[in-house]
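Chemist: Handing you this structure, nothing more for now.
Derivation of every value follows stated rules applied to the coordinates shown; laboratory data play no part. The model shown is predicted, which means the values in this text are computed figures rather than measured ones. Because the Cβ atoms are built from the backbone with ideal geometry, glycine has one as well, and the counts that use them run over all protein chains shown.
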Amino acid sequence: MKKFKTLFYVKSSLVSLYLALTIPIPFIVLQELKILSTVTFILGLFFIIDVTNDFVETCDDTVSYQTSLISKFFGKKCWKIFWKDIKSIKAVATSQGSNVYYFITDKENNYLVPQRLENFEAFTLIISEKTGLNSSKLSNIAPLWTYKLLTFISLVMIIGEVVALMI
């Protein structure tokens, strides 16, 4: 069994962006709301960390997508497919110019192929091996540099906010 977690750069970009956008709030809010804003800040941080912990597991017979309880509450579903039931992989263009991919089963069910995984190349090789389908066109949904850039910009914002709050 192999487990493929969400890319570190995806997690770091989302967490750092959340922090950049919310760190100042507990410090600039009215005194009566400081406790509430601090509690919601912490809950929000827990939420963003939790929803970025999705992962894929592969074994000899199946591939499955697992998500967190919070993600399930908001409608993101887990799924499990037998490799033998996958008959094709369909590419669908996004409005941003990239592609998302779907596993199409013999019952015509569509399952979104996770594209923000660590060791994605190994995952695509397993797909080819287990299904006999060509997975060479599968790629990450966005180039990794975009996540790195967002993390960097967010960290610069956080540093600027901390400096401004200290002055």
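Chemist: Sort out for me the Cα centre separation of the range 60-95 from the range 102-167, rounded to whole Å.
Modeler: If you average the Cα positions of each part, the centres end up 14 Å apart.
Chemist: Could you size up the charge dipole of the range 84-167 around its Cα centre, putting +1 on the beta carbon of Lys and Arg and -1 on that of Asp and Glu, and report it in debye to the nearest 20? Write out the running numbers ahead of the final one.
Modeler: Numbers: 8 positive and 7 negative charges, 43 e Å.
The calculated dipole for the range 84-167 is roughly 200 debye.
Chemist: Could you pull the Rg and Dmax for the range 1-88, using just the Cα atoms, both in Å?
Modeler: 18.0, 60
Chemist: Within 10 Å of each candidate Cβ there may be at most 11 other Cβ atoms; applying that plus a DSSP loop requirement, which trypsin sites (Lys or Arg not before Pro) in the range 25-86 survive?
Modeler: On the way: sites: LYS34, LYS72, LYS76, LYS77, LYS80, LYS84; in loops: LYS76, LYS77.
Hits after loop and neighbour filter: LYS77.
Chemist: Also, quick follow-up: For helix 120-131, what angle does its Cα long axis make with the longest principal axis of the chain, in degrees from 0 to 90 and rounded to 10?
Modeler: 30
Chemist: What are the trypsin sites (Lys or Arg not before Pro) within the range 110-152 that DSSP puts in a loop, where the Cβ has at most 12 other Cβ atoms within 10 Å? Mind dumping the intermediate values first?
Modeler: Values: sites: ARG116, LYS130, LYS137, LYS148; in loops: ARG116, LYS137.
Passing both the DSSP loop test and the Cβ count: LYS137.
Chemist: Using a cut-off of 24 Å between alpha-carbon atoms, which lysines can reach LYS87, once sequence neighbours fewer than 8 places away in the same chain are excluded?
Modeler: Straight-distance partners of LYS87: LYS2, LYS3, LYS76, LYS77, LYS107, LYS130, LYS137.
Chemist: For helix 34-51, report the angle its Cα long axis makes with the longest principal axis of the Cα atoms of the chain; keep it between 0 and 90° and round to the nearest 10°.
Modeler: 20
Chemist: Name the residue farthest towards the positive end of the dipole of the chain from the options LEU112, ILE70, MET157, assuming +1 on Cβ of Lys and Arg, -1 on Cβ of Asp and Glu, about the Cα centre.
Modeler: The residue sitting farthest along the positive end of the dipole is LEU112.
Chemist: Starting from the amide H of THR62, placed 1.01 Å from N in the peptide plane, find each other amide H under 5 Å away whose residue is 5 or more places distant or on another chain.
Modeler: Result for THR62 returns TRP83.
Chemist: Which of rounded, prolate or oblate describes the range 73-141 when judged by the alpha-carbon gyration tensor and an a/c cut-off of 1.5? Could the numbers behind the result be given before it?
Modeler: Details: a/c = 1.36, a/b = 1.07, b/c = 1.27.
Rounded shape, in that the Cα axes give a/c under 1.5.
Chemist: Could you size up the charge dipole of the range 2-166 around its Cα centre, putting +1 on the beta carbon of Lys and Arg and -1 on that of Asp and Glu, and report it in debye to the nearest 20?
Modeler: Working: 17 positive and 13 negative charges, 43 e Å.
In total the dipole reaches around 200 debye.
Chemist: If you don't mind, another one. Tell me which residues come under 5 Å, amide H to amide H, from ASN99 once H is placed; ignore anything under 5 positions away on its chain.
Modeler: THR94
Chemist: Evaluate the range 2-166: find the radius of gyration of its Cα atoms, find its Kirkwood radius, and give the ratio Rg to Rh. Walk me through the intermediate numbers first.
Modeler: Values: Rg = 19.4 Å, Rh = 18.0 Å.
Rounded to two decimals, Rg over Rh is 1.08.
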